[in-house]
1. Would you check which residues across segment 53-85 are touching a residue at least 40 places away in the same chain (Cβ under 8 Å), open to solvent by 10 Å² or more (accessible area, probe 1.4 Å), assigned to a strand (DSSP E or B) and closer than 17 Å to GLU6 by Cβ and list them?
2. If I ask for residues that are hydrophobic (A, V, I, L, M, F, W, C) and at pLDDT 95 or above, which ones from segment 69-98 would you list?
3. Pairs please, first residue from segment 1-19 and touching a residue at least 60 places away in the same chain (Cβ under 8 Å) and within 19 Å of ARG73 (Cβ to Cβ), second anywhere and among the basic types (Lys, Arg) and in a strand (DSSP E or B), Cβ atoms under 8 Å, 6+ apart in sequence or on different chains.
4. Taking into account only those residues within segment 108-122 that are touching a residue at least 40 places away in the same chain (Cβ under 8 Å) and not in a strand (DSSP E or B), which is nearest to THR25 (Cα to Cα)?
5. Taking the residues in segment 91-105 that are touching a residue at least 12 places away in the same chain (Cβ under 8 Å) and over 13 Å from the mean Cα position of the chain (by Cα) as candidates, determine which candidate is farthest from ALA23 (Cα to Cα).
6. Among what's in segment 1-52 and is basic (Lys, Arg), part of a loop (DSSP other than H, G, I, E, B) and surrounded by 12 or more Cβ atoms within 10 Å (Cβ to Cβ), pick the residue that is modelled with the highest pLDDT.
7. Which one is modelled with the lowest pLDDT, of the residues in segment 99-109 that are surrounded by 13 or more Cβ atoms within 10 Å (Cβ to Cβ) and either basic (Lys, Arg) or in contact with a Ser or Thr (Cβ under 8 Å, 6 or more places away or on another chain) (or both)?
Amino acid sequence: QVQLVESGGGLVQAGGSLRLSCAVTGRTFSRYTMGWFRQAPGKEREFVAAIIWSSGTTYYATDSVKGRFTISRDNAKNTVYLQMNSLNPEDTAVYYCAACSLGLITREGNYDYWGQGTQVTVSS
């Protein structure tokens, strides 16, 4: 059974940092692109970042997170990370990890597997 399990969320003050982890079990995703999405209260889920597992090529949402967030993966641990720095209250959301086999990586409908999400709350 394929599982994506996020961890690392929590409460942090503005300007602080968090590192989210997404542990993948049940199969390897070497031919997938792994993505992070987030959904703030009352808003639609939005793309944050993605990484092609095989090559390590990364993509980021423009403006909102580029320069502050870094996505990476550890092949040995079958885990994807999202390092988040300089957090601000607008980053408050549930963060989801997902796996995409084909299609536009910014489009959530193209992702085949999803984690349960981890809450990130940034206080001002």
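The values are calculated or read from the model by the stated rules, or taken from the named source; none is laboratory data. Nothing here was measured: the structure is a model prediction, and the numbers come from that model. Heads up, the Cβs are rebuilt from the backbone with ideal geometry, glycines too, and the neighbour counts pull from every protein chain shown. In case anyone asks, the SASA skips ligands and DNA or RNA and just uses the protein heavy atoms, side chains included. Shrake-Rupley method; radii C 1.70, N 1.55, O 1.52, S 1.80 Å.
1. THR79, TYR81, GLN83, listed by residue number.
2. Across segment 69-98, the qualifying residues are PHE69, ILE71, VAL80, LEU82, MET84, LEU87, ALA93, VAL94, CYS97, ALA98.
3. Hits for this filter: GLY8/ARG19.
4. My answer is GLY115.
5. Out of the qualifying residues, it is THR92.
6. ARG45
7. ILE105
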